[in-house]
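The values are calculated or read from the model by the stated rules, or taken from the named source; none is laboratory data. These numbers come from a predicted model, not from an experiment. No Cβ is skipped: glycine too gets one built from the backbone with ideal geometry, and neighbour counts run over all protein chains shown. The protein model used for the area step is the full one, side chains on, heavy atoms only, and it has no ligands, DNA or RNA in it. Shrake-Rupley method; radii C 1.70, N 1.55, O 1.52, S 1.80 Å.
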Amino acid sequence: MFGAPRPWLTFGPRPTYLVTDSQRAALADRIRLSRYLRLPLAVPLATVIFSSPHFIPGTTLVGTAVIALIVYVMVAHLVEYLMIKSLIAGLPPGAERMTLSGMHRQQSKTMSLRAQAALCIFFGLICAGSLACLPFGTPDDRQMIIYLACLSGGFFVIWTRMLIAKLFSP
């Protein structure tokens, strides 16, 4: 089973398709390639956030960062969908739906334990470091520090969940 992303970031179950091993390998290669495109997409995002924190009148630095992050996630999701669209065209739909935990379990199988542990530690340290800096920031800095701690903490939870799935999968 393959849980494909939707063309636009929407909530609800992902469309699930039945794939062969060769189709799964082709899909995995394409998705890995789309993940490499996320960094070039993130550079303009960071530039916009830090060079013009109030580009939308009435927003704070955190407000600007949240809006930019939402736009980034939507664009990255759309790019991933467009890269696999031709590969999923005509595939038979699966009778079952892939759950979020099932998707994390599948993704954790494709990554090494070392890579997952490194990402888990990386985001955990960013979250902890952000929280440790919180008392020393100005009020404007504190907003951004809280945003960074929440964002990195969310990624820490996701990677920890995937790491646990890898460690305890049969």
Conditions (1) within 20 Å of Leu163 (Cβ to Cβ); (2) modelled with pLDDT of 85 or more; (3) crowded, with 16+ Cβ neighbours inside 10 Å: number failed by Phe122: (3)
Spot the failing condition for Met74; the list is (1) assigned to a loop (DSSP other than H, G, I, E, B); (2) modelled with pLDDT of 70 or more; (3) open to solvent by less than 90 Å² (accessible area, probe 1.4 Å), and only one is missed. (1)
Picking from Ser34, Ser86, the residue that is of a type in the set (Gly, Ala, Ser), in a helix (DSSP H, G or I) and at pLDDT below 80 would be Ser34
Please go through (1) among the aliphatic types (A, V, I, L, M); (2) modelled with pLDDT of 70 or more; (3) surrounded by 11 or more Cβ atoms within 10 Å (Cβ to Cβ); (4) over 17 Å from Arg97 (Cα atoms) for Leu39 and return the number of the only condition it doesn't satisfy. (3)
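Residue-wise test of (1) modelled with pLDDT under 85; (2) surrounded by fewer than 15 Cβ atoms within 10 Å (Cβ to Cβ); (3) among the small types (Gly, Ala, Ser).
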| position | (1), (2), (3) |
| --- | --- |
| Glu96 | yes, yes, no |
| Thr99 | yes, yes, no |
| Arg114 | no, yes, no |
| Ala128 | no, yes, yes |
| Leu131 | no, no, no |
| Asp140 | yes, yes, no |
| Phe168 | yes, yes, no |
